[in-house]
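One structure is given here, and the rest of the page talks about it.
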Amino acid sequence: MVLRESSRTPPGIAPEYITAQEAARLLRVKAQTLYTYVSRGLIRSVGQLDDKRRLYHREDVIGARARSALRRGQGAAAEGAMRWGGQPVIDTAITELTPEGPRYRGRLALELAREGHSFEAVAELLWTGVLQHEPLRWRSGAAPRDFVQTLNGVARAAGRPPILRMFALAAGMRGAGETVRSEIGRGATLSTARDLILLLAGCLGYLARRPGLRVARGEVRVAELASRALLARPSAQSIDAIDCALVLCADHELSSSTFAARVAASTGAELRACVLAALAAHSGSTLGGGCDRAEDLLRDARTRGDVRQQLSVVERAGQRVPGFNLPLYPNGDPRARELVRLARSFAPGNPRAQLIYTFIEEAEQRLGLRPSIEVGLVALAAALNLPERSASALWALGRSAGWIAHVIEQRLAGFVLRPRARYGAAV
């Protein structure tokens, strides 16, 4: 029998399976969003022997519709306003911000890090809602030799460009021949996500003494690849420390960069294009650039007196000290405390790290400032003797997992994010 798409289930078909048109109508989504549900394993589908079209499990479709309605809940009005005007409020099941730090799918990020869950496991928790306890390693798609040579050539010609620009360049080049149809249609969103994150980890090699892309070979952990890119001979302890940092950076609800990724996703953009949008937003001086500004503030400090002088200059100028007092955590950022604790335990005698600890202590005592994740990452990078700008690079690498999770969720939501402006005279 040849199955034809129609608005009704054809005679002779088991009632527990329905056509794509019926499934999309029940979910009130486009066919593209239905295929995303299938690629995530949320809706089962079956092929027909004599036709290329597929049927979809009715019970799964109804369950997905119920979960979507439940997530909307009381926020439905605000979410609806965001579609075409209103406040930037979006329902999400990915991350909740609490005084103890972010919770990923209900699991406290600090606990996940302390329990030793790998970055790969946390990334897939964010993407699928399932926390895998067995060791995970990802395999990257083979990078063409011309791709590696071209990327390295651009980096050499530019003379060590900013690392986030290399992230963006690599992602853009890797996805040059990709379309949203090929990624979603193949059910390849998760494999594309893994490949992209491993590519970004390999780009950390552009910060090394001998800059160049570090290509993932076989199955590898992201923290292993990142450590090998940044350090000549990484120890098991340094790999674990970087893994912990990536876990703590993985997501932070609806940050500016995450919102940029969701806006791009809502228009139907391909996965790498969505991550490019997020990278562009993250590179700003008030976000990812905060790590770089904190490093710059301490670049010339050699003694405790130098640190005090730097703080005095900032205090007299009435400037905001970069990397401190994130408004979301009035009592201090728990992620920063964990990173500083890890840095102290890893290399308590490191001179550069000691200056950063002094800076943190002086800032808290004199100005009542509490460190945010930027300063925590800078402290850990110093304790591990990582190259300059590694802190901001690790932040973006870890956050890429969250960006991808929000891209997937926004695709499933199935509406375009398009705020409205209120026109008026310039103030």
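Since every read-out is calculated from the coordinates, none of them should be taken as a lab result. Treat the numbers as computed from the prediction; the structure is a model and nothing was measured. When we count neighbours, we look across all protein chains shown, and the Cβ atoms used for this are built from the backbone with ideal geometry, even at glycine.
Before moving on, here are some points about what is shown:
- Nearest-0.05 FRET efficiency for N152 and R308, computed from C-beta distance (R0 45 Å): 0.55
- When the Gaussian network model of the chain links Cα atoms closer than 10 Å, the mean-square fluctuations of G202, G332, G63 top out at G63.
- Among D296, D91, sorting on how many other beta-carbon atoms sit within 10 Å of each Cβ, with the fewest leading, yields D296, D91.
- Lys/Arg +1, Asp/Glu -1 at C-beta; the chain dipole; positive extreme among P334, T286, F359: T286
- Pairs of Cα atoms nearer than 8 Å and 6+ residues apart set the relative contact order; for the chain it is 19 percent.
- Size of charge dipole - the chain - debye, nearest 20, with Cβ of Lys, Arg +1 and Asp, Glu -1, no other charges: 780
- This model, with +1 at the C-beta of Lys and Arg and -1 at the C-beta of Asp and Glu, gives the range 289-383 a dipole about its Cα centre of some 160 debye.
- Footprinting exposure proxy ranking of V416, V220, V375, fewest other C-beta atoms within 10 angstrom first, gives V416, V220, V375.
- Helix 163-174 and the longest principal axis of the Cα set of the chain meet at an angle near 20°.
- Pairwise Cα inverse-distance average, inverted: Kirkwood Rh of the range 289-383 (Å): 13.0
- Structure remark: mean-square fluctuation, Gaussian network model of the chain, C-alpha springs under 10 Å; the largest value among S392, S191, S118 belongs to S191.
- The chain: angle of helix 119-128 to the longest principal axis, Cα-based, in degrees nearest 10: 40
- Of the two radii for the chain, the radius of gyration is 1.01 times the Kirkwood radius, both from the alpha carbons; that is the Rg over Rh value.
- Size descriptor for the range 105-156, Kirkwood hydrodynamic radius: 13.5 Å (Cα pairs only, one decimal).
- Packing around the peptides 260-271, 100-111, 397-408, 345-356, taken as the average count of other Cβ atoms within 10 Å per residue, puts them in this order, highest first: 397-408, 260-271, 100-111, 345-356.
- Mean residue ellipticity at 222 nm, helices only, the chain: -17500 deg cm²/dmol; runs of at least 4 DSSP H residues each add -39,500 (n - 2.57), and the sum is divided by the number of residues.
- Proxy reagent accessibility, fewest Cβ within 10 Å first, across E338, E219, E224: E219, E224, E338
- The stretch between R65 and S235 holds 56.4 nm of extra length on full extension. This uses 0.36 nm per residue minus the Cα-Cα distance.
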